[in-house]
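This report refers to the structure that appears directly beneath it.
The values are calculated or read from the model by the stated rules, or taken from the named source; none is laboratory data. These numbers come from a predicted model, not from an experiment. Heads up, the Cβs are rebuilt from the backbone with ideal geometry, glycines too, and the neighbour counts pull from every protein chain shown. Areas reflect the complete protein model, heavy atoms only, side chains present, ligands, DNA and RNA absent. Shrake-Rupley method; radii C 1.70, N 1.55, O 1.52, S 1.80 Å.
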Amino acid sequence: MQTDIDPRTLIGRKAFDREGAKIGTVDEVYLDDATGEPEWAAVRTGLFSRDVFVPLEPSEVVGDTLRVPYDRALIKDSPDFGVGRHLSPEQELQLYHHYGLDVTG
């Protein structure tokens, strides 16, 4: 997965789903181990202050927000791995499957 989103500019941005519903605030950005490209964002939700992982590709920065092209319910139901730790290949694979993304990309 490759994206032209600069991870340094994402922290603190509000994130919204495809319908424009607020998901939360970007808490952390996770880079791909092989390429160093930003791959996942951890978004702090208001509900129970849980972080959810969202893919940065095909998400896009619109103005001062991150627009995630998935339904809020799917995002909130993403696997919970906690933040501040490295995502293992197995955890990334679970996220790819959860969002229906091509794992070879």
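Before moving on, here are some points about what is shown:
- Residue match in segment 64-72 (condition: more than 20 Å from ILE5 (Cβ to Cβ) and either among the hydrophobic types (A, V, I, L, M, F, W, C) or open to solvent by less than 80 Å² (accessible area, probe 1.4 Å) (or both)): yes
- Sole residue being charged (D, E, K, R) and assigned to a strand (DSSP E or B), chosen from ARG85, ARG44, ARG18: ARG44
- Hits in segment 88-105 - residues which are open to solvent by 40 Å² or more (accessible area, probe 1.4 Å) and either hydroxyl-bearing (Ser, Thr, Tyr) or outside any loop (DSSP other than H, G, I, E, B) (or both): PRO89, GLU90, GLN91, LEU93, GLN94, HIS97, HIS98, THR104
- Long-range neighbours under 7 Å by Cβ, at least six apart or interchain, first residue farther than 8 Å from VAL52 by Cα and touching a residue at least 24 places away in the same chain (Cβ under 8 Å) within segment 76-96, second assigned to a helix (DSSP H, G or I) and not β-branched (Val, Ile, Thr): PHE81/GLN91
- Segment 1-15, residues that are open to solvent by less than 30 Å² (accessible area, probe 1.4 Å), part of a loop (DSSP other than H, G, I, E, B) and of a type in the set (A, V, I, L, M, F, W, C): ILE5, LEU10
Matching residues to (1) open to solvent by less than 20 Å² (accessible area, probe 1.4 Å); (2) in contact with a His (Cβ under 6 Å, 6 or more places away or on another chain); (3) not aromatic (Phe, Trp, Tyr):
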residue: GLU19; (1), (2), (3): no, no, yes
residue: ASP27; (1), (2), (3): no, no, yes
residue: LEU31; (1), (2), (3): no, no, yes
residue: PRO38; (1), (2), (3): yes, no, yes
residue: SER49; (1), (2), (3): no, no, yes
residue: VAL54; (1), (2), (3): yes, no, yes
residue: LYS76; (1), (2), (3): no, no, yes
residue: PHE81; (1), (2), (3): no, no, no
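- Hey, GLY36 part of a strand (DSSP E or B), at positive phi and not basic (Lys, Arg) or not: no
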